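Notes follow once the structure below has been shown.
The values are calculated or read from the model by the stated rules, or taken from the named source; none is laboratory data. Keep in mind that what you see is a predicted model, and the values were worked out from it rather than measured. Here Cβ is always computed from backbone atoms with ideal geometry, including for glycine, and neighbour counts include all displayed protein chains.
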Amino acid sequence: MVHEMASFDLVWLWYNLEMSKRTYSSPKRATGYTLGRTSFAKISAVEGIHTSRRTDEDFQDFDRRGLSADERRRELVSKYGSKR
């Protein structure tokens, strides 16, 4: 009887230790991935989409002038945005 109780205690102890190891992780945040101009152009080419020569010249000009992303967006919107 003592042996059976010791065995029961060990099983109970093992079970509780295993149960206490469960952890629940928080949901993973979505991570973004930014494509460079060359990678984007290759993917777009597969879809049959190409930038015009004028747009390519704009991007080269942006690079030459060292514009930030916000400044590039402003330039593109002012040049190609709708005139409502």
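When region 35-64 is limited to residues that are among the aliphatic types (A, V, I, L, M) and not in a helix (DSSP H, G or I), the one that is nearest to residue 80 (Cα to Cα) turns out to be 49.
Which pairs do you get when a residue that is in contact (Cβ under 8 Å) with a residue 60 or more places away in the chain, found in region 43-61, comes within reach of a residue that is polar (S, T, N, Q) and surrounded by 11 or more Cβ atoms within 10 Å (Cβ to Cβ), reach meaning Cβ atoms under 7 angstrom, with the pair 6+ apart or on two chains? From residues that are in contact (Cβ under 8 Å) with a residue 60 or more places away in the chain, there are no pairs. Look at region 72-84: where a residue is on the phi > 0 side of the Ramachandran plot, no partner that is surrounded by fewer than 12 Cβ atoms within 10 Å (Cβ to Cβ) and assigned to a helix (DSSP H, G or I) sits 6+ places away or on another chain with Cβ atoms under 8 Å. In region 18-41, of all residues being surrounded by 10 or more Cβ atoms within 10 Å (Cβ to Cβ) and more than 14 Å from the chain's Cα centre (by Cα), the one that is modelled with the lowest pLDDT corresponds to 37. Which pairs turn up if I take residues in region 17-39 that are on the phi < 0 side of the Ramachandran plot and among the aliphatic types (A, V, I, L, M) and look for partners that are surrounded by 10 or more Cβ atoms within 10 Å (Cβ to Cβ) and at pLDDT 65 or above with beta carbon separation below 9 Å, at least 6 apart in sequence or on another chain? From residues that are on the phi < 0 side of the Ramachandran plot and among the aliphatic types (A, V, I, L, M), the pairs are 35/43.
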